[in-house]
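Working notes, beginning with the structure itself.
The values are calculated or read from the model by the stated rules, or taken from the named source; none is laboratory data. Keep in mind that what you see is a predicted model, and the values were worked out from it rather than measured. Cβ sites come from the backbone with ideal geometry, for glycine too, and all protein chains shown count toward neighbours.
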Amino acid sequence: MHKTHCGYTGEMLYIDLNSRVIERRSTEKYVDWIGGLGVGVKILYDELKPWITAYDPGNVLVIGTGPLNGTLAPASGRICVHSKSPVTNGVASSNAGGFFAPELKYAGYDHIVIKGKASVPVYLWINDGYVQIREAGHLWGKTTWETDDAIKSELNGPKIQTMSIGPAGENLVRGACIMVNKNRALGRCGLGAVMGSKNLKAIAVRGTGAVNVADRQGFMEAADKARSSYDKSEVIEKFKRLSSICAVPGKIKFGGMPYKNFQDMSIPKEMADAFEPEMNIKRHRVIQTACFACPIGCSPHYYIKSGPYAGLKTEGTQFESLADFGCKLGISDFTFCIKATSFCNQYGIDVDPAAEVVAWVMECYEKGLISERDLDGLKPEWGDAGVAIELMRKMVFKEGVGAVLSEGVARAADLMGEKTKYYAMHIKGQDLYEPLRFSIGWSLGTCVSTRGGGHTTGAPVCEINTNIDRDLAKEKYGVDTFDKPLAYQGKPKLVKYYEMLNRLASSLGMCIYAVDWYDIILPGFNEMAEMYNAATGRNLDVKDLQDAALRMLNIERAFNYIHAGFERKDDYPPRRAMEEAVPSEPLKGFRLEKEKWDALLDEYYEMHGWDKKAGLPTRSTLVEMGLDYVADDLEKYKDNRRNY
Amino acid sequence: MNILSKDCVGCRACELACSFHHKGVFNPEVSSIKSEFLSDIFEITVLAQTDGIRFGCDGCKGEDEKLCVKYCNFPVRNVIRELLLNI
């Protein structure tokens with residue numbers, strides 16, 4: 001990408017699965033989009049016409065690294081994948097840890113852009129500079145775990161890194177994910193189904209090359225400075241010791257547990273006891289591992305010794321799995337959460353849509369809106385682990401009612417009847433795990449996310465961090481409500497801060513848990529700028545990088561309007577979060593208020609230079625960013641985008 | 001030299017630091033140290049002699065400290081430090 005190829009390899013692969021033509025192209029023209037997420041959304045915008053659907057061969061799958069992947073920059077192992085989403089019809093943007101990203105850089109490529117559809121199942125094999133499209137008929141139908149093993153075996157390469165889909169992706173289950181090796185998920189947005197639609201089972205990569213940095217001494221000084229922050233953080237100390245399930249006590253304290261499909265925001269004592277982090281780590285964890293270059297190492301490996309899932313050994317099961325499979329389904333069993341997560345990982349379906357669909361079915365069954373006749377004879381009572389797994393299996397294989405459920409909660413509710421829609425918890429069609437009647441900044445960030453619902457592209461977590469460095473927080477955020485979860489004031493500014501920070505981290509190749517999203521004393525804009533400049537030899541200041549992140553956000557927003565028609569009306573929480581007060585303490589009586597949300601959105605759009613009525617970037621905002629062509633497109637597609 | 005440890009997390013920071021010492025680039029393939037996951041334990045190997053493209057460990061000659069130890073952020077760093085005492 002950069003002339004000296006420092007930080008970047010400077011090359012990307014363009015692969016057309018129709019013609020099987022493989023091209024190598026320079027990545028230099030994308031330099032202002034930084035890497036990973038930024039380059040991904042720019043390529044999506046440039047390559048896709050609005051009439052191309054997610055499953056069309058014309059859709060692209062963009063796999064991207066950033067300039068810090070492969071270096072000693074902390075937690076620099078993240079890989080980005082972008083496409084048009086079969087879930088939202090807008091931007092599909094996902095990000096996973098592991099070792100795939102550095103391996104791709106060592107193999108000589110910054111990005112892979114895949115178009116077309118193979119006539120038979122195939123997988124890609126990238127071995128240093130060599131690229132091959134290989135037959136994958138023998139892998140079709142296999143789980144991601146079996147696929148990872150089979151590829152490593154047939155290519156005789158235990159060090160090979162893979163990303164693959166399971167039966168869910170093959171069967172075009174809308175919430176299908178891509179798994180990196182066995183247990184790192186490119187989860188939301190339905191990217192696994194896009195791979196399935198292209199008959200692409202997997203990508204395998206092995207690289208033995210090097211990543212250079214422009215200023216060796218400067219880079220190591222910047223990396224040292226960034227790395228020195230982790231041991232000073234109490235939040236990280238807990239996270240290292242207990243993984244993300246360390247969040248359980250805090251979420252209980254503040255009311256962030258989405259019990260029984262978000263009916264309540266607190267859980268019964270027996271569930272709180274069952275999910276107590278220290279006990280579960282002591283009882284089930286066999287070892288803790290880390291992603292590439294990560295100074296935190298948050299990934300527990302579990303082995304279940306007894307009970308119905310005895311003998312199961314797997315990596316993962318983070319807080320999100322407890323919220324999804326425990327809280328939302330009313331199942332007070334930590335081992336079930338491990339089991340359900342490993343099921344999703346093997347069959348290649350994301351945990352959020354899998355759990356949300358089951359939670360919605362359970363609630364609709366409770367309320368008499370769906371009967372056992374609609375469900376192939378199943379009786380989905382709250383807390384029934386066996387029925388939950390069976391419903392997920394039916395979704396993966398589109399068996400019986402599974403064909404409807406596999407469409408995700410928004411479409412399934414559309415098919416199952418008007419009254420069921422109220423209980424379908426989604427934003428822009430994306431199934432939710434995120435509690436919304438909980439903290440305002442988090443809710444705003446989740447609702448305006450260009451991925452559909454999602455907390456990783458702007459939702460702040462500082463609102464419930466009781467150990468936050470208040471002086472530093474005030475200085476960085478410029479607001480003083482950063483630790484007042486129920487305050488509306490100042491939250492748009494807080495969201496904008498993390499919209500920029502998390503986009504920058506994802507473009508550089510860093511994990512958002514390792515930057516100041518998770519604790520304000522961790523590396524922020526300054527530290528990322530120092531590492532970026534030293535790695536690439538460029539000389540961008542913090543403002544330049546923030547502007548680059550805002551360009552990404554604006555182009556995503558425009559893509560979502562042009563492709564999916566998303567406007568202001570799509571930035572509201574589901575009705576339940578506004579119409580029902582939380583029934584139990586600690587947030588008893590709390591709900592999001594329509595008038596306050598209206599004002600919040602006004603302030604948020606105004607701050608971004610967007611039209612308040614439409615919720616879209618104005619021409620002057622886009623022109624100022626050098627995105628004149630986006631302004632032209634917004635005008636061109638206004639009112640007539642549905643005609644395609 | 002090799003040891004088995006449950007205190008390693010497999011982040012490969014030691015390999016990156018080692019390659020940077022030898023070649024001034026990030027390339028785990030040339031490192032004197034490597035960490036491999038064996039199901040539920042890590043095997044850490046340090047090469048005393050050069051083997052193919054892998055450099056033999058020189059105890060980080062010219063550096064203020066051993067970089068694999070410096071960049072390890074986990075309890076296994078003490079084990080690695082001891083392992084390298086005689087180099």
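How many of the residues in the stretch B:27-63 are more than 25 Å from residue A:68 (Cα to Cα) and acidic (Asp, Glu)? Of the residues in that region, 4 qualify. In the stretch A:593-604, the residues that are farther than 18 Å from residue A:437 by Cβ reach residues that are surrounded by fewer than 18 Cβ atoms within 10 Å (Cβ to Cβ) with C-beta atoms within less than 8 angstrom, at least six apart or across chains, in these pairs: A:602/A:612. Applying the set (1) in contact with a helix residue (DSSP H, G or I) (Cβ under 7 Å, 6 or more places away or on another chain); (2) surrounded by 14 or more Cβ atoms within 10 Å (Cβ to Cβ); (3) within 11 Å of chain A (Cβ to nearest Cβ); (4) within 19 Å of residue A:158 (Cα to Cα) to residue B:33 leaves exactly one unmet item: (3). Determine, yes or no, whether residue A:194 is farther than 30 Å from residue A:470 by Cα, in contact with a helix residue (DSSP H, G or I) (Cβ under 9 Å, 6 or more places away or on another chain), crowded, with 23+ Cβ neighbours inside 10 Å and away from every other protein chain (no Cβ under 13 Å). When the stated conditions are applied, residue A:194 passes them. In contact (Cβ under 8 Å) with a residue 12 or more places away in the chain and crowded, with 23+ Cβ neighbours inside 10 Å: is that true of residue A:49 in this structure? Considered against the rule, which asks whether it is in contact (Cβ under 8 Å) with a residue 12 or more places away in the chain and crowded, with 23+ Cβ neighbours inside 10 Å, residue A:49 comes out as no.
Specify which of the listed residues (A:245, A:287, A:236) is touching a strand residue (DSSP E or B) at 6+ places or on another chain (Cβ under 9 Å) and either farther than 27 Å from residue A:358 by Cβ or polar (S, T, N, Q) (or both).
Numbers: A:245 fails: either farther than 27 Å from residue A:358 by Cβ or polar (S, T, N, Q) (or both); A:236 fails: touching a strand residue (DSSP E or B) at 6+ places or on another chain (Cβ under 9 Å).
Result: A:287 is the single residue among A:245, A:287, A:236 that is touching a strand residue (DSSP E or B) at 6+ places or on another chain (Cβ under 9 Å) and either farther than 27 Å from residue A:358 by Cβ or polar (S, T, N, Q) (or both).
Is at least one residue of the stretch A:133-147 in contact with a strand residue (DSSP E or B) (Cβ under 7 Å, 6 or more places away or on another chain), in a helix (DSSP H, G or I) and crowded, with 21+ Cβ neighbours inside 10 Å? If you could, list the steps in order and put the result at the bottom.
Looking only at the stretch A:133-147, we keep the residues that are in contact with a strand residue (DSSP E or B) (Cβ under 7 Å, 6 or more places away or on another chain), and these are A:133-136, A:139-140, A:144, A:147.
If we keep only those that are in a helix (DSSP H, G or I) too, we end up with A:144, A:147.
Checking which are crowded, with 21+ Cβ neighbours inside 10 Å leaves us with A:144, A:147.
Yes, the stretch A:133-147 has at least one match.
Residues in the stretch A:175-191 that are over 15 Å from the mean Cα position of the chain (by Cα) and away from chain B (no Cβ under 14 Å): none.
Considering only residues that are surrounded by fewer than 22 Cβ atoms within 10 Å (Cβ to Cβ), assigned to a helix (DSSP H, G or I) and at the interface with chain A (Cβ under 10 Å from one of its Cβ atoms), which ones fall in the stretch B:13-26? Walk me through how you get there before you give the answer.
At the first step, the residues of the stretch B:13-26 found to be surrounded by fewer than 22 Cβ atoms within 10 Å (Cβ to Cβ) are B:21-25.
Keeping just the survivors that are assigned to a helix (DSSP H, G or I) gives B:21-23.
The one that is surrounded by fewer than 22 Cβ atoms within 10 Å (Cβ to Cβ), assigned to a helix (DSSP H, G or I) and at the interface with chain A (Cβ under 10 Å from one of its Cβ atoms): B:23.
For the stretch A:265-311, the set of residues classified as touching a residue at least 40 places away in the same chain (Cβ under 8 Å), in contact with a helix residue (DSSP H, G or I) (Cβ under 6 Å, 6 or more places away or on another chain) and assigned to a strand (DSSP E or B) consists of A:300 only. The set of residues from the stretch B:61-86 being within 13 Å of chain A (Cβ to nearest Cβ) and without any contact (Cβ under 8 Å) to a residue 60 or more places away in the chain comprises B:63, B:64, B:65, B:67, B:68, B:70, B:71, B:72, B:77. Restricting A:251, A:225, A:238 to residues that are in contact (Cβ under 8 Å) with a residue 40 or more places away in the chain, more than 12 Å from chain B (Cβ to nearest Cβ), surrounded by fewer than 22 Cβ atoms within 10 Å (Cβ to Cβ) and part of a helix (DSSP H, G or I) narrows the list to A:225.
What residue, among those in the stretch B:36-60 that are more than 30 Å from residue A:284 (Cβ to Cβ) and small (Gly, Ala, Ser), is nearest to the other protein chains (Cβ to nearest Cβ)? Outline the logic, then answer.
Step one: filter the stretch B:36-60 for residues more than 30 Å from residue A:284 (Cβ to Cβ), giving B:46-60.
Remaining after also requiring small (Gly, Ala, Ser): B:48, B:52, B:56, B:59.
Numbers: B:48: 22, B:52: 11, B:56: 19, B:59: 19 Å.
Within the stretch B:36-60, the match that is nearest to the other protein chains (Cβ to nearest Cβ) is B:52.
Restricting attention to the stretch B:46-87, the residues being assigned to a loop (DSSP other than H, G, I, E, B), buried (at least 20 other Cβ atoms within 10 Å of the Cβ) and of a type outside the set (Phe, Trp, Tyr) number 5. With the condition kept exactly as written, say whether any residue in the stretch A:47-55 is closer than 28 Å to residue A:539 by Cβ, at pLDDT 95 or above and in a helix (DSSP H, G or I). No: zero hits. Restricting attention to the stretch A:342-357 and to residues that are closer than 10 Å to residue A:321 by Cα and aliphatic (A, V, I, L, M), the residue that is surrounded by the fewest Cβ atoms within 10 Å (Cβ to Cβ) turns out to be A:351.
All conditions in (1) away from every other protein chain (no Cβ under 11 Å); (2) in contact (Cβ under 8 Å) with a residue 24 or more places away in the chain hold for residue B:10, with the sole exception of (1).
For the criterion of being more than 15 Å from the chain's Cα centre (by Cα) and assigned to a loop (DSSP other than H, G, I, E, B), residue A:98 fails. Among the residues of the stretch A:197-217, those identified as more than 13 Å from chain B (Cβ to nearest Cβ) and more than 21 Å from residue A:19 (Cβ to Cβ) are A:204, A:205. The test for being outside any helix (DSSP H, G or I) and within 30 Å of residue A:361 (Cβ to Cβ) does not hold for residue A:482.
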